[in-house]
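**Q** Below is a structure I'd like to ask you about.
The values are calculated or read from the model by the stated rules, or taken from the named source; none is laboratory data. None of the values given here were measured: they were computed from a predicted structure. Here the Cβ positions follow ideal geometry from the backbone for every residue, glycine too, while neighbour counts run over all protein chains shown.
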Amino acid sequence: VRDLITRAPITIAQGATITEAARTMKEHGASSLLVMDGEALAGIVTDRDLRNRVLAVGLGADRPVQEVMTAGPVVGDADALAFEVLLEMVGRNIHHLPILEHDRPIGVVTTTDLMRMVQASPVYVVGDIQKQSDVEGVATVSARLPAVVEALVGQDASADDIGRVVTAIGDAVERRLITLAEAELGGPPVPYTWVALGSRARLEQALAADQDNAIIISDEATDADLAWFEELARRVSAGLVECGYPTCPGDVMATNPRWRLRLQDWRQEFATWLTQPVPDAILQASIFFDMRPVHGDSGLFPELHHGILARAPQSRLFLAHLAKAATLNEPPLGFFRGFVLAKEGEHADTLDIKRGGIGAVVELARVHALALGSPAVNTVARLQAAIAGGIMSEEKGADLTDAFEFISYVRLRHQAAQVREGRPVDNHVNPDQLSSFDKRHLREAFAIVRSAQSAMASRYPTTFM
């Protein structure tokens with residue numbers, strides 16, 4: 001409960017008049033006032049008390065406030081759970097609760113404070129998104145996402161759990177926007193599947209995420225049908241921008257006709273990547289191997305995915321290119337294990353915790369999963385598949401999994417702090433703002449990633465490339 005208290009209690013002596021109490025409440029913009037007997041809490045008076053016990057009965061405003069206060073009010077403990085306090089207030093039908101610490105008031109919580117906390121619940125947010133009838137409404141609800149992340153970090157939820165929650169909210173936003181667009185356009189002319197790519201496909205989305213999506217269209221589609229999907233993509237993408245998901249700098253979105261294809265064309269695209277790999281093309285294409293269906297026909301994605309998984313383990317040249325790209329994305333750690341920081345620009349003296357930390361593990365896990373033909377898309381699930389498949393030892397796999405969790409959590413904690421301070425959210429962490437414990441463990445985590453990259457370079461030699 002102490003986490004909900006935003007200011008010290010507004011108090012008045014019990015000998016003060018009702019006029020003085022009303023004036024004090026007005027000056028502080030408070031809806032309640034604690035009435036004190038010295039340092040002890042004697043009672044509470046609320047704006048409802050002034051209305052019902054003073055104005056409604058014509059009581060003189062020069063009377064002592066103690067005549068209209070609630071004496072010996074119900075109180076809450078500073079270390080009680082907010083959920084417990086909410087149940088207490090609902091059960092007693094009270095709207096203001098003084099919070100005590102060592103028998104002295106430290107603040108007041110209201111049902112509004114507690115309901116605001118409930119509204120930051122992921123379930124509540126997703127439920128609200130599904131109720132919206134227009135894009136503006138979806139955008140209003142999705143704006144609560146940063147508060148959800150801040151709350152989860154404050155509750156010490158794991159980075160894996162937070163990533164899944166952020167992903168679920170992102171999915172809900174996208175599905176609602178698609179449904180609204182379909183209602184305006186009329187039903188789709190042929191079956192299709194809208195797919196998420198990248199971090200949201202892996203259930204690992206954080207704040208500051210942009211759009212990564214595509215559309216798989218039934219082979220039955222005519223050229224005329226494709227115009228419907230073009231308009232669908234345009235409307236959904238514009239809606240996502242309004243909801244806080246900027247367009248992808250690399251244009252990996254369904255609005256790009258290259259990523260809005262019939263099933264047979266998608267098969268050909270993946271076949272080219274797997275059998276005729278070109279290094280630059282593989283770098284751009286790697287995100288498409290992190291794909292998950294979000295909306296639409298349930299049969300199109302499995303048809304495409306099963307074919308990719310069957311062919312990938314035999315595509316040695318493709319895996320070698322993908323492995324080489326994964327080893328080039330080095331952690332920001334110097335030879336003597338000092339952090340390598342950006343030297344100039346707006347992010348000078350910070351380290352990019354996503355690129356060489358989180359991103360490096362994602363790329364390593366992706367290569368191993370594709371080499372095994374594993375259907376796993378989530379990074380932790382891919383690492384578990386690598387352990388089960390004998391590619392990594394259980395010890396090395398556990399170390400890399402823990403490193404990934406810790407690096408991801410440092411990023412989320414950094415983003416939560418930016419939310420609290422009202423600053424733009426990013427992935428650039430200033431080591432000076434980390435504790436010595438965090439810096440030590442972050443160095444260790446980066447070293448584990450570097451070791452895993454070295455092992456990958458040995459497993460997928462590039463001498464024949």
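**Q** Out of Asp37, Asp62, report the one residue that is in contact with a strand residue (DSSP E or B) (Cβ under 6 Å, 6 or more places away or on another chain) and farther than 19 Å from Thr110 by Cβ.
**A** Step by step, each of Asp37, Asp62 is checked, and only Asp62 is in contact with a strand residue (DSSP E or B) (Cβ under 6 Å, 6 or more places away or on another chain) and farther than 19 Å from Thr110 by Cβ.
**Q** Only one residue in Val425, Val419 is in a helix (DSSP H, G or I) and modelled with pLDDT under 95, so which one is that? Before the answer, list the steps.
**A** Details: Val425 fails: in a helix (DSSP H, G or I).
Criteria check complete, one pass: Val419.
**Q** Answer with yes or no whether Arg382 is at pLDDT below 90, in contact with a helix residue (DSSP H, G or I) (Cβ under 8 Å, 6 or more places away or on another chain) and either charged (D, E, K, R) or surrounded by fewer than 17 Cβ atoms within 10 Å (Cβ to Cβ) (or both).
**A** no
**Q** Are any residues in the range 248-274 modelled with pLDDT of 95 or more and among the hydroxyl-bearing types (Ser, Thr, Tyr), and if so, which ones?
**A** The one that is modelled with pLDDT of 95 or more and among the hydroxyl-bearing types (Ser, Thr, Tyr): Thr255.
**Q** Cβ-Cβ distance below 9 Å, separation of 6 or more or different chains: which pairs start in the range 125-148 with a residue that is over 12 Å from Cys243 (Cα atoms) and end on one that is surrounded by fewer than 20 Cβ atoms within 10 Å (Cβ to Cβ) and of a type in the set (Asp, Glu)?
**A** Matching pairs, first to second residue: Val126/Asp171.
**Q** For a quick check of your reading of the model, give me the residue pairs whose first member lies in the range 75-100 and is under 23 Å from Ala151 (Cβ atoms) and among the hydrophobic types (A, V, I, L, M, F, W, C), whose second is in a helix (DSSP H, G or I) and modelled with pLDDT under 80, with beta-carbon atoms closer than 8 Å and at least 6 apart or on different chains.
**A** Ala82/Leu114; Ala82/Met117; Val85/Leu114; Leu86/Leu114; Leu86/Val118; Met89/Leu114
**Q** Taking Lys396 and the conditions (1) buried (at least 21 other Cβ atoms within 10 Å of the Cβ); (2) closer than 20 Å to Leu333 by Cβ, which numbered condition does it fall short on, given that it satisfies the others?
**A** (1)
**Q** Limited to the range 1-46, what total is found for residues that are acidic (Asp, Glu), surrounded by fewer than 17 Cβ atoms within 10 Å (Cβ to Cβ) and free of Cβ contacts under 8 Å to residues at least 60 places away in the same chain? Spell out the reasoning first.
**A** The initial filter retains those residues of the range 1-46 that are acidic (Asp, Glu), namely 3, 20, 27, 37, 39.
Still in the running and surrounded by fewer than 17 Cβ atoms within 10 Å (Cβ to Cβ): 3, 27, 37, 39.
Now restrict to residues that are free of Cβ contacts under 8 Å to residues at least 60 places away in the same chain: 27, 37.
Count: 2.
**Q** Do we have His295 as buried (at least 16 other Cβ atoms within 10 Å of the Cβ) and touching a helix residue (DSSP H, G or I) at 6+ places or on another chain (Cβ under 9 Å) here? Break it down into steps so the answer makes sense when it comes.
**A** On the way: buried (at least 16 other Cβ atoms within 10 Å of the Cβ): yes; touching a helix residue (DSSP H, G or I) at 6+ places or on another chain (Cβ under 9 Å): yes.
Taking the combined requirement at face value, the residue satisfies it.
**Q** Could you count how many residues in the range 114-168 are among the polar types (S, T, N, Q), part of a loop (DSSP other than H, G, I, E, B) and over 25 Å from Glu184 (Cα atoms)?
**A** Within the range 114-168, the first condition is being among the polar types (S, T, N, Q), and the residues that meet it are 119, 121, 130, 132-133, 140, 142, 155, 158, 167.
Now drop any that are not part of a loop (DSSP other than H, G, I, E, B), which leaves 121, 132-133, 155, 158.
Next cut, over 25 Å from Glu184 (Cα atoms) only: 121, 155, 158.
Qualifying residue count for the region: 3.
**Q** When you go through (1) touching a residue at least 60 places away in the same chain (Cβ under 8 Å); (2) over 30 Å from Pro188 (Cβ atoms) one by one for Gly296, which number turns out not to apply?
**A** (2)
**Q** Moving to a separate point now. Within the range 143-153, how many residues turn out to be among the small types (Gly, Ala, Ser), under 11 Å from the mean Cα position of the chain (by Cα) and at pLDDT 90 or above?
**A** Looking only at that region, the number is 0.
**Q** When the residues of the range 200-234 are narrowed to those that are small (Gly, Ala, Ser) and without any contact (Cβ under 8 Å) to a residue 60 or more places away in the chain, which ends up surrounded by the fewest Cβ atoms within 10 Å (Cβ to Cβ)? Even if it seems obvious, please write down each step before you answer.
**A** First, the residues of the range 200-234 that are small (Gly, Ala, Ser): 201, 206, 208-209, 214, 218, 221, 224, 227, 233.
Cutting the leftovers down to without any contact (Cβ under 8 Å) to a residue 60 or more places away in the chain gives us 209, 221, 224, 227, 233.
Numbers: Ala209: 20, Ala221: 19, Ala224: 8, Ala227: 11, Ala233: 23.
By that ranking, first place goes to Ala224.
**Q** Now for a different question. When Ala151 is evaluated against the numbered criteria (1) touching a Gly at 6+ places or on another chain (Cβ under 8 Å); (2) closer than 15 Å to Val123 by Cβ; (3) small (Gly, Ala, Ser), which criterion, by number, is the only one it fails?
**A** Of (1) touching a Gly at 6+ places or on another chain (Cβ under 8 Å); (2) closer than 15 Å to Val123 by Cβ; (3) small (Gly, Ala, Ser), only one is false for Ala151: (1).
**Q** Additional query: Return the only residue of Val195, Val190 being surrounded by fewer than 19 Cβ atoms within 10 Å (Cβ to Cβ), in contact (Cβ under 8 Å) with a residue 12 or more places away in the chain and outside any helix (DSSP H, G or I).
**A** Sole residue among the options that is surrounded by fewer than 19 Cβ atoms within 10 Å (Cβ to Cβ), in contact (Cβ under 8 Å) with a residue 12 or more places away in the chain and outside any helix (DSSP H, G or I): Val190.
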